[in-house]
Amino acid sequence: MFKKLLTFIAVIAIVFVLVMPAPADAALRHYKLYVYKAITTQALFDVNRATRLTDDVYYSVYRYHATTPSATRETLYSDKAGTALASNPWVLESVFDDTGTIDFYCDPNETSDKTVKILVIDAANGKSTWADVAFDKDHTVIIDERPGVTHLLTLPLSSTCVSGTSWGGAANNSDAVDTGIDFPLQTAIFDAFVNVTTASASASTLDSGYLASSTAFISGQETFTVGLQHDTVFDTAFQFITTDSTYQSIYYTWSTDSVDGWLNFIHTNY
C-alpha cells in the first residue's frame with residue numbers, strides 16, 4: 001500500500017512538471033532578417049522572384065500583441081552583450097547598410113518570449129510593411145511594391161529623437177525636416193493621416209509636404225488628441241508627384257512638446 005502511494009505521488013509530480021508553464025526567459029533573442037521587394041504578385045509569395053534590398057532600409061520594432069496593436073517599442077541591442085542600439089523612432093538605414101540585413105538583439109515582451117512586431121520601410125521607394133517576427137523561424141520580410149496597386153506607407157512619428165534625416169525631431173521644431181523617405185517618380189498620393197498614440201501635452205500641430213510646399217500633404221494637423229487625425233488637404237483632390245524630383249522627398253514641420261504615433265500616406269505609383 002505504501003509503495004502504491006509513493007508511486008502515485010511520483011506520477012503526480014511528473015505530470016505537474018510537464019504541464020507547469022516555463023518561467024519567462026530573460027535571455028536576449030537574436031533577430032536577423034533579409035529584406036526583399038516584390039514588384040509582381042508572384043514575388044509576394046516566392047522570395048526567389050523578389051529583389052533583395054541591401055541599403056536604404058529603416059525599421060522600427062514594437063511589442064507584439066495578437067489582437068491589439070501596440071505602440072510600445074521594444075528595447076534593442078546590437079549584440080548579445082547588451083550594447084544599446086538607437087531605435088527611437090527607428091533604426092537608421094546606415095545601420096542596415098553595414099550588413100544589408102535587419103540584425104538586432106531583443107528580450108521580447110511577448111508571452112512566449114519569441115515574437116516582435118516590426119515596421120520595415122524602403123526609404124528609396126516610399127514603401128513599408130508590417131511583419132510579426134519570431135526570432136527562431138522568421139528570417140525574411142517582403143515589401144509589396146507592385147506598381148498600379150494602392151499602398152499604405154507608414155512612418156513612425158516621434159518628437160523624442162534627433163532632428164534630420166534620422167526622422168523625428170527636437171521638441172518645438174519649427175524648420176522643415178527631410179524624413180529621408182522618397183516617393184518614386186509618377187506617384188499619386190490619395191490621402192494622408194496621423195495615428196496619434198501618445199498625444200502632446202498642449203496644443204500642437206504637424207505639417208507634411210515636400211521641399212517646395214511643406215503643407216502639401218498635411219496642414220496644421222493637431223496632435224494633442226489620441227487617435228486617427230485626418231486633415232482636409234485631400235478632401236477635394238489628390239496630389240500627383242511628377243517627373244520632377246523636387247516633389248519626391250517627404251518633409252514635415254511641427255510645433256509640439258512630445259508626441260508619438262504614425263504618419264500614413266495612401267498612394268500608388270505607375
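What follows is calculated from the coordinates using simple rules that are stated; it is not laboratory data. The model shown is predicted, which means the values in this text are computed figures rather than measured ones. Virtual Cβ from ideal backbone geometry, glycine too; neighbours counted across all protein chains shown.
The phi torsions of region 87-103, fed into the Karplus equation with coefficients 6.51, -1.76 and 1.60 and a -60° offset, translate into couplings of 8, 10, x, 8, 7, 4, 5, 5, 5, 4, 4, 4, 10, x, 9, 7, 9 Hz, rounded to whole numbers, with Gly and Pro shown as x. Close amide H contacts of ILE143 (hydrogens built in the peptide plane, cut-off under 5 Å, sequence separation of 5 or more or a different chain): TYR36, LYS37, ALA38.
A straight chain from LYS32 to ALA66 at 0.36 nm per residue would run longer than the Cα-Cα distance by 10.1 nm.
Where both partners of a DSSP beta bridge lie in region 29-144, what percent of those bridges are antiparallel, to the nearest 5?
On the way: 28 of 33 bridges.
If we restrict to bridges inside region 29-144, about 85 percent are antiparallel.
Based on the mean of other Cβ atoms within 10 Å per residue, sort peptides 212-225, 233-246 so the most packed one is first.
Descending packing order for the listed peptides: 212-225, 233-246.
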